Amino acid sequence: MTILQANLKHLYQRKSFWFIGLFFGFIAFAIANAIFLAITGNSTGAFASPIIWIFCVSVFIASLPIDVLTKPFSYCLPGHRKIPRNFLFSVGLPLSFLWSLSFIFYPGLNIIETSLACLSAFSTFTIFYWFAVWCVFKFKNWIIAFAFIPLIMLGNQLINLGTITTFAIVEIPLLMILSGTAVNFIAWNHWGKTDLARRYSGQFWMAAFDAWNMKKMSKYKQIKSAERDKKKPNSTKINSSVENFFISRINRTEIGSSGQHIWGGFYKTFGLTISQQRYDWMRFLILILPILCFLCYMPAGGKNIILMMPGLMVIYMSLWVHSSLSITAGRRQRFWSALALAATVTILITLAVTLLAIITQLLEMVMPPLTVKGHEFTFSALNINYSVMPILMIPLMYTIALIFHKKPILTMFFAMIVFQVFFITSIVSNLKIMNHKILITPLQIAIMLPLVWAIFITTLRRISMKACLTN
Amino acid sequence: MINENPIAQIHNVSKKFRKIQALDSINLDISRGQIIGLLGANGAGKSTLLRHIIGLYLPDKGQCTTFQTDAAKLSPKELSRIGYVHQEGELLDWMTVKQLINYVSAYYKTWNKDLQDRYIKDFDISLTDRVGSLSPGQRQKVSILLAIAFEPELLILDEPASALDPIARSCFLDLLLQIIQDENRTIIISSHILSDVEKVIDHTLIMRKGQILHDCSFDSLREKYTRFTLTSLNGPLPAELPFENTITSQINGSKAVITVQDSSKEQLQAKAKNLNCEIEIKPLSLEEIYKIVVS
């Protein structure tokens, strides 16, 4: 077996990639179907849709060689210097080629034009492939690459990017072929550089599924904070007045009491957030308000996601039950401190989302309807009744995080299921099915509330008192 | 180990992690004032045993008591008498070293500020650095500081010096030598750097595959195994030498290097005299003894 073959085996040796393969297989099927419909319906824009597929897939593909390249052992592996380049070309070019064959069915072209269109499409797809690969090799966290997708989708909505790209592929093939050749030539030289292994060896880089690895995410945040600290000293440290506040509370409480550990838990969880400087909060608001407005202009119940995202994000927030830091917390103190922390987080998040809902209610009075390409979009406020969602969601999320605390992928998997259930519930609760209005009543919520909290408290108690407590 | 005033007692403790038997019917008493070296290969069960003593792990079978309390029910009162340097090195990465010290010290009545300052000076710890940006060695220094500055009665050191450079290791050993002068303090050190461990311990526990192979004082372990050089005064040595309980024997003409167990110095000297040989007895290092025991 050659070294390249051994590397290509990573594509199926990693079980998590089976899931990726399955997911993108379905998407590929949907795109193929869209192209088929485009042939008959004469809507040629769909021919460019493989671009997004290639872009997303190549992010995952490129995360494999970077994962190997950043491991120090691989620096000394004999004959491994050119493998990242060979790997990337071996996967990217066949994928681009396969999708370019869809242009065989492009309506109204003769044989020469079809051949040129296929070659042009192949070149164009490889450009996007290498762009995604470059993102993965450029940014320590490949998730950043996905930030381009909403831009591409928005571009498609506003200026028919798909149609323009298809037009360019078919009408100016020589230019596209030349551009593709140039990009591939640059890629061949760039990923074949002799210092590639040295530049990446031992560097911290996020691999394909590390976004769900809490330890690695924490390390990543530390690195980012250290970088920010270098640029702007003390910007990511705990403020001394915040420190004094919490330490004085810990000191004032009786030594060894649960109260002391509850304050300790608050300090560890909220200390850094409260210490954020004014411009951090401003930046947060500047970011959140347009997103809020954008979602409120979207039709249907998609905007409810903003009420539920904080509930999903708590799975990354430790309750400190498994902490092995040398402090005096016994199992009972861990239980009470975790419970107090979970309750506080729930209340704060519920208040925050209620506030957001109120803000959108106020904005609804002043925001005008928008017309984009003949479609009218009206601003519709968040339903304040759904602000109760975090109170129901957070205990379930914490229960999942406690049970699978050593298996982050399972944590995320089950958390996503709970998230989907709540999200779908929020949407269908507004619908009428067979003349019957589905409505979530206060009574149903009143029954669910003690139930989900009982599940959480029982799990927390069981783990605090009976389980092995190390990370 | 049998004594009247144990600080920790482990009775018939077993622990299994899926198919791996991490601890297998362990019985152990830890006396006040002992300095114990806990030795064993990776995966022998050392860390698991230590975590049972402080109640982080609970046994599947048997009982573990620390300070006369079931380890599972240790309260802050008992836990504030235990210092623990752990392998994971879990610290609060977003704090500065000073903030971390302030935070941890708030939980202890007995926090010794002078000891803290002396340690910071001796180990050259920067208080303004963010914990997350510290090197593994610096993190270990901070972990040690947090575990010793409140002068715990029971100090558990799980691989405390694995990331320290030679100078820091030497400083750490000096510090340990100062700490052990308090006769009431019990220390358990799990380490692979046996040359360091043997300078401070008075008791050894050797583990393999979840079981305790040896539980005895370091002196008796040293007496148990003896290595000597035998030099014949009249020509080559015979192929078979009359020493009982021989572990290793290397004969090279008129010289032989032999390792035996359970033989007194007097017995060896008498036999050497009978063979008309000179005998030179050398004490074995802990590392050499460990290799003999586990092999």
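The values are calculated or read from the model by the stated rules, or taken from the named source; none is laboratory data. All values derive from a computational prediction rather than experimental measurement. Here the Cβ is made from the backbone with ideal geometry for all residues, glycine too, and neighbour counts use every protein chain on show.
Summary table
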| read-out | value |
| --- | --- |
| Members of the stretch B:130-155 that are more than 9 Å from every other protein chain (Cβ to nearest Cβ) and without any contact (Cβ under 8 Å) to a residue 40 or more places away in the chain | B:LEU134, B:SER135, B:GLY137, B:GLN138, B:LYS141 |
| Subset tally (residues that are in contact with a Leu (Cβ under 6 Å, 6 or more places away or on another chain) and facing chain A (nearest Cβ under 7 Å)) for the stretch B:103-121 | 1 |
| Members of the stretch A:191-213 that are in the same structural domain as A:PHE125 (by TED's automatic domain parsing), of a type outside the set (Phe, Trp, Tyr), touching a residue at least 40 places away in the same chain (Cβ under 8 Å) and not in a loop (DSSP other than H, G, I, E, B) | A:LEU196, A:ALA197, A:ARG198 |
| Odd one out for A:LEU101, checked against (1) surrounded by fewer than 17 Cβ atoms within 10 Å (Cβ to Cβ); (2) touching a Ser or Thr at 6+ places or on another chain (Cβ under 8 Å); (3) within 22 Å of A:GLY45 (Cβ to Cβ) | (2) |
| From A:ALA381, A:ALA329, A:ALA340, residue being surrounded by 14 or more Cβ atoms within 10 Å (Cβ to Cβ), over 30 Å from B:ILE53 (Cα atoms), in contact (Cβ under 8 Å) with a residue 24 or more places away in the chain and among the hydrophobic types (A, V, I, L, M, F, W, C) | A:ALA381 |
| Residues located in the stretch A:93-136, provided they are in contact (Cβ under 8 Å) with a residue 40 or more places away in the chain, part of a helix (DSSP H, G or I) and touching a Leu at 6+ places or on another chain (Cβ under 9 Å) | A:PHE103, A:LEU116, A:ALA117, A:SER120, A:ALA121, A:PHE122, A:SER123, A:PHE125, A:THR126, A:TYR129, A:TRP130, A:VAL133 |
| Pair list, Cβ < 7 Å and 6+ apart or interchain, from the stretch B:103-129 residues that are over 22 Å from A:TYR267 (Cβ atoms) to residues that are in a loop (DSSP other than H, G, I, E, B) and among the aromatic types (Phe, Trp, Tyr) | B:ASN112/B:PHE150 |
| Residues located in the stretch A:343-384, provided they are touching a helix residue (DSSP H, G or I) at 6+ places or on another chain (Cβ under 9 Å) and of a type in the set (S, T, N, Q) | A:THR344, A:THR346, A:THR350, A:THR354, A:THR360, A:GLN361, A:THR378, A:SER380, A:ASN383 |
| Answer residue from the stretch A:351-364, given it is touching a residue at least 60 places away in the same chain (Cβ under 8 Å) and surrounded by 18 or more Cβ atoms within 10 Å (Cβ to Cβ) and is farthest from the other protein chains (Cβ to nearest Cβ) among those | A:THR360 |
| Residue among A:TYR316, A:TYR297 that alone is in the same structural domain as A:ALA401 (by TED's automatic domain parsing), surrounded by fewer than 19 Cβ atoms within 10 Å (Cβ to Cβ) and in contact with a Leu (Cβ under 7 Å, 6 or more places away or on another chain) | A:TYR297 |
| Single residue of the stretch B:92-102 satisfying the filter (in a helix (DSSP H, G or I) and facing chain A (nearest Cβ under 7 Å)) that is surrounded by the fewest Cβ atoms within 10 Å (Cβ to Cβ) | B:ASN102 |
| Members of the stretch B:121-151 that are modelled with pLDDT of 90 or more and hydroxyl-bearing (Ser, Thr, Tyr) | B:SER126, B:SER143 |
| In the stretch B:220-270, residue nearest to B:GLU198 (Cα to Cα) [restricted to those that are surrounded by fewer than 18 Cβ atoms within 10 Å (Cβ to Cβ) and among the basic types (Lys, Arg)] | B:ARG222 |
| Complete set of residues in the stretch A:37-53 that are without any contact (Cβ under 8 Å) to a residue 40 or more places away in the chain and either surrounded by fewer than 16 Cβ atoms within 10 Å (Cβ to Cβ) or farther than 18 Å from A:PRO107 by Cα (or both) | A:LEU37, A:THR40, A:GLY41, A:SER43 |
| Every pair of residues 6+ apart whose Cβ atoms lie under 6 Å, when the first sits in the stretch B:229-255 and is part of a strand (DSSP E or B) while the second is of a type in the set (Lys, Arg) | B:THR231/B:LYS255 |
| Qualifying positions in the stretch A:234-250 - touching a residue at least 24 places away in the same chain (Cβ under 8 Å), surrounded by fewer than 20 Cβ atoms within 10 Å (Cβ to Cβ) and assigned to a helix (DSSP H, G or I) | A:VAL242 |
| Given (1) in contact with a helix residue (DSSP H, G or I) (Cβ under 8 Å, 6 or more places away or on another chain); (2) surrounded by 20 or more Cβ atoms within 10 Å (Cβ to Cβ), index of the condition B:ALA41 fails | (2) |
| Tally, over the stretch A:444-471, of residues that are among the aliphatic types (A, V, I, L, M), in a helix (DSSP H, G or I) and within 14 Å of chain B (Cβ to nearest Cβ) | 2 |
| Pairs, first at negative phi and buried (at least 16 other Cβ atoms within 10 Å of the Cβ) in the stretch A:4-22, second among the small types (Gly, Ala, Ser) and outside any helix (DSSP H, G or I), C-beta under 9 Å, six or more apart | A:ARG14/A:ALA208; A:PHE17/A:ALA208; A:ILE20/A:ALA208 |
| Unique match (being of a type outside the set (Asp, Glu), over 21 Å from A:VAL321 (Cα atoms) and not in a strand (DSSP E or B)) among A:ALA401, A:ALA381 | A:ALA381 |
| Residues (surrounded by fewer than 21 Cβ atoms within 10 Å (Cβ to Cβ) and of a type in the set (S, T, N, Q)) located in the stretch B:64-79 | B:THR65, B:GLN68, B:THR69, B:SER75 |
| Checklist (1) out of contact with any helix residue (DSSP H, G or I) (no Cβ under 8 Å at 6 or more places or on another chain); (2) among the small types (Gly, Ala, Ser); (3) modelled with pLDDT under 95 applied to A:ALA182, failing item | (3) |
| Sole residue being facing another protein chain (nearest Cβ under 10 Å), in contact (Cβ under 8 Å) with a residue 24 or more places away in the chain and assigned to a strand (DSSP E or B), chosen from B:GLY89, B:GLY83 | B:GLY83 |
| Count - residues of the stretch B:58-80 that are within 13 Å of chain A (Cβ to nearest Cβ), more than 26 Å from B:LYS141 (Cβ to Cβ) and outside any strand (DSSP E or B) | 11 |
| Condition met for B:ILE7 (among the β-branched types (Val, Ile, Thr) and either at pLDDT 95 or above or assigned to a loop (DSSP other than H, G, I, E, B) (or both)) | no |
| Tally, over the stretch A:184-222, of residues that are within 14 Å of chain B (Cβ to nearest Cβ) and among the small types (Gly, Ala, Ser) | 2 |
| Every residue from the stretch B:62-94 that is in contact with a Lys or Arg (Cβ under 8 Å, 6 or more places away or on another chain) and of a type in the set (Lys, Arg) | B:LYS73 |
